[in-house]
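The values are calculated or read from the model by the stated rules, or taken from the named source; none is laboratory data. Computed from a predicted structure; not experimentally measured. Neighbour counts run over all protein chains shown; Cβ positions are idealised from the backbone, glycine included. Each accessible area value is taken on the protein alone, full model and side chains, heavy atoms only, with ligands, DNA and RNA left out. Shrake-Rupley method; radii C 1.70, N 1.55, O 1.52, S 1.80 Å.
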Amino acid sequence: MKVSLVSLASLLGVAAGFSAAPSSIGNTRSVATTSLTSVQLSSTQVDAAPFAKPPRVVREQLPTVYVYDHCPFCVRVRLAMGVKNVKHLIHFLANDDIASPTALVGKKIAPIFELPEDNFVMGESLDIIAKIDTDPRFGPTNQILPASGRKDIKAWQKSVQTLLRTLQRPRYVATGLLPEFQQIDGRHAFIKNHQLPPYEKPEWKGDGTQENPGMDMDVKLKLYAEAMAADPTPLVEDLNARLVELDDMLYSEHYCSEGGFSLDDVDLWARLRSITIVSGVQWPSKLRSYMDNLSALGDVPLYDEMAL
């Protein structure tokens, strides 16, 4: 297996790999060109017009979103605000930062939306999106269509959950590039709280009791390092096949569901974005265009250039 940014020796040599940030990134990074590959296996293209982006909205006091870069719920809000063309500040929280979100909303959650002109703060991604899409201060209202309730896409997402956790979670912390993981404390906080398959959360985290204290941190670090060092080829091949299935479900390269840009897209694209951190993925052409189009529309970058 070829690993860019972080060598296997460093992964296995310092606290099972995730104890120090990789060095000399500029000299060791190899761009994962294979992740940009699109294969001609897509279903028939639908000639659907792209979303018409409204004029730029710049408030005198800019709203702020507090997020983790890897978090799909945070990406939902960033995508929606980008699509609506609302200028905003992005505050990337360190993954171990409990004090900042607690001071804002009383607990450690993300995303958080702050509107200084109203002295207003709120959490929950879909509530935030509803707020900005119904407030005329943020441009034309009700531009994002409601969710269609598509069961096929939901079933697909559920079917790849274990596969994606296995591939994505070690890579989030191994890159050394995501803002929430710039320090060892942030990386360890994530590893401490996010289990790798086949382990379930109660077994990984425990429940705070003597009977179930959770897995030892050294064991968690070792499991993350081993997952990163393992040959990903069988998992990536499986993922490639599953993406072909999803491509057939996609309505067009601009919207996943017929009718226009909707909460279906907000949720699906936010989840698919994390796949671009995995090297070797072959995207069906329509699905790849969908990823690129919404990245540009929402002004939220993909991970292709740092894929491992």
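Summary of computed values
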| item | result |
| --- | --- |
| Solvent-accessible area per residue for the chain (1.4 angstrom probe, square angstrom) | 45 Å² |
| Ranked by how many other beta carbons lie within 10 Å on average, peptides 138-145, 102-109 from highest | 138-145, 102-109 |
| Per-pair calculated FRET efficiency, R0 = 22 Å: I90 and D118 via Cβ, rounded to 0.05 | 0.70 |
| Alpha-carbon centroid distance for the pair segment 228-296 / segment 93-153, whole angstrom | 24 Å |
| ³J(HN,Hα) computed for each position of segment 186-192 - Karplus, 6.51 cos²θ - 1.76 cosθ + 1.60, integer Hz, glycine/proline x | x, 5, 5, 4, 5, 4, 4 |
| 222 nm mean residue ellipticity, helices alone, for the chain (DSSP H n ≥ 4; -39,500 (n - 2.57); rounded to 500) | -12500 deg cm²/dmol |
| Of (1) 21.5; (2) 28.8; (3) 16.6, the label for mean projected area of the Cα convex hull in nm² derived from the coordinates | (3) |
| Surface share of carbon and sulfur [accessible, 1.4 angstrom probe, percent] for the chain | 52 percent |
| Per-peptide average of other Cβ atoms within 10 Å, ordering 201-210, 148-157, 269-278, 162-171 highest first | 269-278, 162-171, 148-157, 201-210 |
